Amino acid sequence: QVQLVESGGGSVQPGGSLRLSCLASGITFSSYAMSWYRQAPGKERELVAVISSVGGVTNYADSVKGRFTISRDNAKNTVYLQMNSLKPEDTAVYYCNARWRVAYWGKGTLVTVSS
């Protein structure tokens with residue numbers, strides 16, 4: 001059974017930082033490209049960041065470039081999203097995605113940025 005479990009969400013003030021984690025099980029983690037998506041209230045789900053299966057290639061949405069960093073530890077079956085300089089518009093449910101031939105999703109973790 002494939003499971004992607006996100007953690008690390010919470011409430012933070014503007015300018016603050018959070019680190020999200022996504023622990024994968026039931027897949028050969030090192031074969032999968034991993035991504036973080038987010039969905040804000042009333043908006044469509046959007047891609048935030050993606051990292052290749054071996055971690056050599058990353059890409060980011062323009063809105064988070066220079067503030068967010070995606071990384072992975074294949075030995076721990078975990079992908080991370082370090083989020084710095086958070087803004088209120090970063091408020092959303094953040095989802096982990098694993099993709100290789102098929103795609104799997106986590107259930108999401110809520111990030112709220114508010115003063």
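List of remarks:
- With the convex hull drawn over the C-alpha atoms of the chain, the volume per residue is 93 Å³.
- Bridging of Lys65 to lysines at a Cα separation below 19 Å is possible for Lys87, once same-chain residues fewer than 8 apart are set aside.
- Fraction of accessible area attributable to carbon and sulfur, the chain (%, probe 1.4 Å): 47 percent
- Cβ-placed point charges (K, R +1; D, E -1), dipole of the stretch 2-115 about Cα centre in debye, nearest 20: 160 debye
- Heavy-atom surface of the chain, accessible at 1.4 Å and reported per residue (Å²): 53 Å²
- Residue order for Leu47, Leu81, Leu110 - accessible surface, 1.4 angstrom probe, largest first: Leu110, Leu47, Leu81
The values are calculated or read from the model by the stated rules, or taken from the named source; none is laboratory data. Keep in mind the model is a prediction, meaning the values are calculated, not measured. Cβ: placed from backbone, ideal geometry, glycine included. Neighbour counts: every protein chain shown. Please note that ligands, DNA and RNA were not included when accessible areas were found on the heavy atoms of the full protein model with its side chains. Shrake-Rupley method; radii C 1.70, N 1.55, O 1.52, S 1.80 Å.
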